[in-house]
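Undergrad: The structure that follows is given in the form of C-alpha cells.
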Amino acid sequence: MINGVDDEKIPSWVYGLVLVLICFISRLPQLLSPNLLLDGDECILGLMAKHITDGREIPVFFSGQNYGFSLIENIFGAIGFKFFGISAITLRVSLLCIWCIGILFFFRTFEFVSGKSNAFMITILIILIPAWALGAMKARGGYITAFTLTFIFTSMIIRLNNNIKFFTSLMIGLLIGLIYLSRPFWIPGLIPFIFYSFIYKRNFKQLAVLVSMAIVVVFYINKLFIMPSNEYWKPALFTNFNYFAMIKEIPSRIYDNITGSYWLDHNIKLGIFTRISTLIWSNMIIVATILQIYRIIKKQYNPLSHICYASMILTLAYTPLLNQNYGARYLLPYSCFLVMWAGSEILDNIEKKTRYAFVIPIIGVALFISTIGSMIEYKNFNFMPPITENNKSEKERIDDLLIYLQKNNVNNVFSANPMFQWEIMFYSKEEIIARWFNDTDRNPIYPKMVDKAFEENKPTAIVGYKNEMLGLDKNPSTKEQVVYLSDRYFAYLNPTKDLLKSLGYSFQ
C-alpha cells in the first residue's frame, strides 16, 4: 500500500524482543495482584487445556459451542500447564504468549510501512491501550486467536502489496476462515483491506481463490469438529433488536471497550489514569472522521488511513445487529483498527511535517503517561464485589471453600451460579466436580457425575457466592446449616433431593 522504509541498523528481532518484554512487564500488576481470579469462561478454557495435558481430548471449539475456535489457545494453555503446573497465572501467561505473536505481526505490518523505529513506537500504543490491558491474556475462547490471526493477515496483505499470488491468496483465505471461526465480528474490519488489495487493485482471480479457501476452511472444520455436545450454548443474537435504537448505545460501548475494565456487560471503574487514556482514545473517532473528510476535500489521500477508518466504521456498524445486550468485548476489533488508523496518521504527519505535527508529541506524552498509569491501576481490577473485612487474596478465599469441602469429603457440588461451577472445578483441578441447575451442560459428563454421586449417597453440597444463596439464608429449616467462608462464599452440606428440586435443580 505504501512503499516500505528500512533505514535502521538495529535488527528487527531486537525491537521484537523489547516489545515482548513490554507486553509482559505491563501485565505484571495484574498477574501479581491479590485480586487475580479467573472467571467462569476462563476456567472452562483452563479445563479444556487441562484435558489435553491429561491426554483425554483435544477440544477445537469452546466447550458447548459451535463457534469460538479455541484450539490454539487450548494448546498453548496445555503446554503451559505441562511445564509450569495448572494455575491462573500459567493460563494467563500462556494466552499472553499468543497475543505477543500478534503484537510482533502488528510491528511487522508497520515496519514495512514506516521502518523499524516508527513501527516500534506505534506498536507500543496497542500494547498499552487499556482496551487490551486484560484482554491480552483473558481466556474467553477465540478472542486472542482472532487478534493474532488478524495481524498475521494485515502483515501479509500489506507487505505483499500488488504481488499477491495463488499461494498467498490461499494463505489469506485460510486466515480469514480461521478468524471467522474464532470470532466472526472481526470480519467486517477486514473487508476494507480485502477490497483495496483485491477489488480496487483488480486482483479478481486471487479474490476468488481467497473466498473459496475461506469457505472450504469454515465448512470442513465445522463438519469435522462440531459434535452434538457443541450445540449447548446458543446466544440469542440477531433477535429482538431495533438497530437504530441500539446505535445510540455505541458511544458508551466505545468508552467501556476502551477502558478494558468490564466483565460481560458490566463496566468496572478503575483509576484516573485509565479514565484519562480512555477519554483520549474514545474521542479519536471524532478526530478520525474530521480528518477523513479533510483528506477527501483536499485530495490528500492516505490508503492505510482510509482503510483503517473504514474498518472502524464497519465494525461499529455491525455490532448493533447482535442484540440490545451486545457487550463491550464485541468492539475489541474496533480498538485495534483505531490504533492502526492513529499510527498511519502519526506517520503521515511526521513524514510530511504538517503544521499540525506539533500536536502529536503532546498527545503521545499524554497517552504514554496515562496508559502506563492505567496498566498499574489494573492491579485493582476485580470482577467480584470488593471485600474490606480481611486482607486475603481471591485465590486464598476460594481455597478456603475448597479446603472446607475436602475436609468434609465433598467431591461433588451443586453450584448456585452457572459460572461458579467452572471455577470450582478448575481451582480444585477437577478433584471437586460441579453442576448447575440444568441436568445437561456445556460438558454433559459433569452433571451426570454429580448426580451419580448424589444417588449413591456420597457427600455433596450446595455452594456459591454469599450474595446468591437461593434463599437458603432465609429459610428457617436451612439457614442454621449454611456455612460462610472468607466473606465471599457459602456452603450447605448434604442437601436433600426435595430441597434441590425446590431450588430449581433438575434431574434426568
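Undergrad: Below 15 angstrom from the Cβ of Ala416, what's the summed charge of the other residues (Lys, Arg +1; Asp, Glu -1)? Could the numbers behind the result be given before it?
TA: Details: positive: Arg435, Lys466, Lys474, Lys479, Arg488, Lys501; negative: Glu423, Asp441, Glu468, Asp473.
Around Ala416, the charge tally is +2.
Undergrad: Return the whole-Å distance between the Cα centroid of the stretch 130-172 and the Cα centroid of the stretch 300-347.
TA: 15
Undergrad: Which value at 222 nm does the chain reach when only helices count, each DSSP H run of 4 or more adding -39,500 (n - 2.57), with the total divided by all residues and rounded to the nearest 500 deg cm²/dmol?
TA: Working: 20 runs with 290 residues, N = 508.
Calculated at 222 nm, the ellipticity per residue is -18500 deg cm²/dmol.
Undergrad: Is the stretch 180-307 best put as rounded, prolate or oblate by its Cα gyration tensor, with a ≥ b ≥ c the root eigenvalues, rounded for a/c under 1.5, and otherwise prolate when a/b is larger than b/c, oblate when not? Kindly include the intermediate steps, with their values, before the conclusion.
TA: On the way: a/c = 2.33, a/b = 1.10, b/c = 2.12.
Here the stretch 180-307 falls in the oblate category.
Undergrad: For the stretch 68-143, with every protein chain kept in place, what is the accessible area per residue (1.4 Å probe, Å²)? Provide the component values of the computation, followed by the final result.
TA: Working: 1950 Å² over 76 residues.
Here the per-residue accessible area is 26 Å².
Undergrad: Provide, in order from the shortest bin, the percent of all Cα-Cα pairs of the stretch 380-445 in each 10 Å bin, continuing until the bin that contains the maximum pair distance.
TA: 19, 47, 29, 5
Undergrad: Using 10 Å bins from zero, what percent of all Cα-Cα pairs in the stretch 249-293 falls into each bin?
TA: 27, 50, 19, 4
Undergrad: Tell me, what is the FRET efficiency for Asn494 and Ile290 to the nearest 0.05, using R0 = 60 angstrom and their Cβ-Cβ distance as r?
TA: Values: r = 66 Å, r/R0 = 1.10.
Given R0 = 60 Å and the Cβ-Cβ separation, E is 0.35.
Undergrad: Let me ask something else. Which value results for Rg/Rh of the stretch 145-234 when Rg is the Cα radius of gyration and Rh the Kirkwood radius based on the inverse mean 1/r? If you can, show how the numbers build up before the last one.
TA: Working: Rg = 13.9 Å, Rh = 13.6 Å.
So for the stretch 145-234, dividing Rg by the Kirkwood Rh gives 1.02.
Undergrad: Here's something else I'd like to know. From zero outward in steps of 10 Å, how is the percent of C-alpha pairs of the stretch 84-153 spread across the bins?
TA: Reading the bins upward from 0: 21, 48, 25, 6, 0.
Undergrad: Excluding same-chain residues fewer than 8 positions from Lys298, which aspartates and glutamates have a Cα within less than 17 Å of its Cα?
TA: Glu345, Asp348
Undergrad: Where a Cα-Cα gap under 14 Å defines reach, which aspartates and glutamates qualify for Lys223, not counting those fewer than 8 residues away within the same chain?
TA: Here the aspartates and glutamates satisfying the reach criterion relative to Lys223 are Glu231.
Undergrad: Ratio of alpha-carbon Rg to the 2.2 N^0.38 Å globular estimate for the stretch 14-84, to two decimals, please. Kindly include the intermediate steps, with their values, before the conclusion.
TA: Details: Rg = 14.5 Å, N = 71, 2.2 N^0.38 = 11.1 Å.
Here the Cα radius of gyration is 1.31 times the empirical estimate.
Undergrad: In square angstrom, what is the accessible area per residue of the stretch 358-460 with a 1.4 angstrom probe?
TA: Numbers: 4770 Å² over 103 residues.
Per-residue accessible area for the stretch 358-460 comes out at 46 Å².
Undergrad: For Arg202, Arg329, Arg27, give me the order by solvent-accessible area with a 1.4 Å probe, most accessible first, ignoring ligands, DNA and RNA. Display every interim value, and only then the final one.
TA: Numbers: Arg202 170, Arg329 45, Arg27 0 Å².
Descending accessible area places them as Arg202, Arg329, Arg27.
Undergrad: Here's another thing I want to ask about it. Once you have the Cα-Cα distance between Asn267 and Thr53, take 0.36 nm times their residue separation minus that, and quote the gain in nm to one decimal.
TA: On the way: separation 214, 0.36 × 214 = 77.04 nm, distance 3.45 nm.
Length gained between Asn267 and Thr53: 73.6 nm.
Undergrad: Right, another one. Using r as the Cβ-Cβ distance of Phe368 and Ser252, and R0 as 35 Å, what FRET efficiency do you calculate, to the nearest 0.05? Please report the intermediate quantities before stating the final value.
TA: Numbers: r = 26 Å, r/R0 = 0.75.
For Phe368 and Ser252, the calculated efficiency is 0.85.
Undergrad: Ignoring everything but the protein chains, give the 1.4 Å probe accessible area of Met156 in square angstrom, nearest 10.
TA: About 50 Å², rounded to the nearest 10.
Undergrad: Using the Kyte-Doolittle scale, which helices in the chain average at least 1.0 and also have C-alpha atoms spread 30 Å or more along the helix axis, with helices defined as whole DSSP H runs? It would help to have the intermediate numbers written out before the result.
TA: Values: long enough: 88-114 (38 Å, 1.69); 204-225 (31 Å, 1.75); 332-352 (31 Å, 0.47).
Going by DSSP H runs, the hits are 88-114, 204-225.
Undergrad: Also, I was wondering about something else. P(r) tail for the stretch 368-488, what percent of Cα pairs lie past 26 Å? All intermediate terms of the calculation are to be shown ahead of the outcome.
TA: Working: 2097 of 7260 pairs.
So the pairs more than 26 Å apart make up 29 percent of the total in the stretch 368-488.
Undergrad: Between rounded, prolate and oblate, where does the stretch 423-508 land on the alpha carbon gyration tensor, with a ≥ b ≥ c its root eigenvalues, rounded for a/c under 1.5, else prolate if a/b exceeds b/c? Show your work: numbers first, answer last.
TA: Working: a/c = 1.77, a/b = 1.28, b/c = 1.39.
It comes out oblate by the Cα gyration axes.
Undergrad: Next up: Per 0.36 nm of contour for each residue apart, how much would the distance between Ile25 and Lys223 grow if the chain were fully extended, relative to their Cα-Cα spacing?
TA: Numbers: separation 198, 0.36 × 198 = 71.28 nm, distance 4.12 nm.
Stretched fully, the Ile25-Lys223 segment lengthens by 67.2 nm.
Undergrad: So what's Rg/Rh here for the stretch 260-385, counting alpha carbon atoms and using the Kirkwood radius for Rh?
TA: On the way: Rg = 16.4 Å, Rh = 16.2 Å.
Answer for the stretch 260-385: 1.01.
Undergrad: What's the carbon and sulfur percent of the chain's accessible surface, probe 1.4 angstrom, rounded to a whole number?
TA: Looking at the chain in its full context, I get 64 percent from C and S.
Undergrad: Where the centre of each part is set by its Cα atoms, how far does the stretch 369-399 sit from the stretch 464-488, in angstrom?
TA: Value for the Cα centre distance between the two parts: 25 Å.
Undergrad: What aspartates and glutamates could a cross-link reach from Lys466, if we take a straight Cα to Cα line under 19 Å and drop same-chain neighbours fewer than 8 places away?
TA: Asp39, Glu389, Glu394, Glu396, Asp399, Asp400, Glu423, Glu480, Asp487
Undergrad: Right, another one. Hey, can you rank 85-95, 280-290 by average C-beta count inside 10 Å, highest first?
TA: Ranked from most to least packed, the peptides come out as 85-95, 280-290.
Undergrad: Follow-up. What value does the stretch 22-149 have for Rg/Rh, both radii from Cα atoms and Rh as Kirkwood defines it?
TA: Working: Rg = 15.2 Å, Rh = 15.1 Å.
Taking Rh as the inverse mean 1/r over Cα pairs, Rg/Rh reads 1.00.
Undergrad: What distance in nm separates the simple spin-label points at Glu431 and Lys205, each placed 7 Å from Cα in the Cβ direction?
TA: 6.4
The values are calculated or read from the model by the stated rules, or taken from the named source; none is laboratory data. In this text the structure is predicted, and so the values were computed from the model without any measurement. Virtual Cβ from ideal backbone geometry, glycine too; neighbours counted across all protein chains shown. Heavy atoms of the whole protein, side chains included, go into the accessibility calculation; ligands, DNA and RNA do not. Shrake-Rupley method; radii C 1.70, N 1.55, O 1.52, S 1.80 Å.
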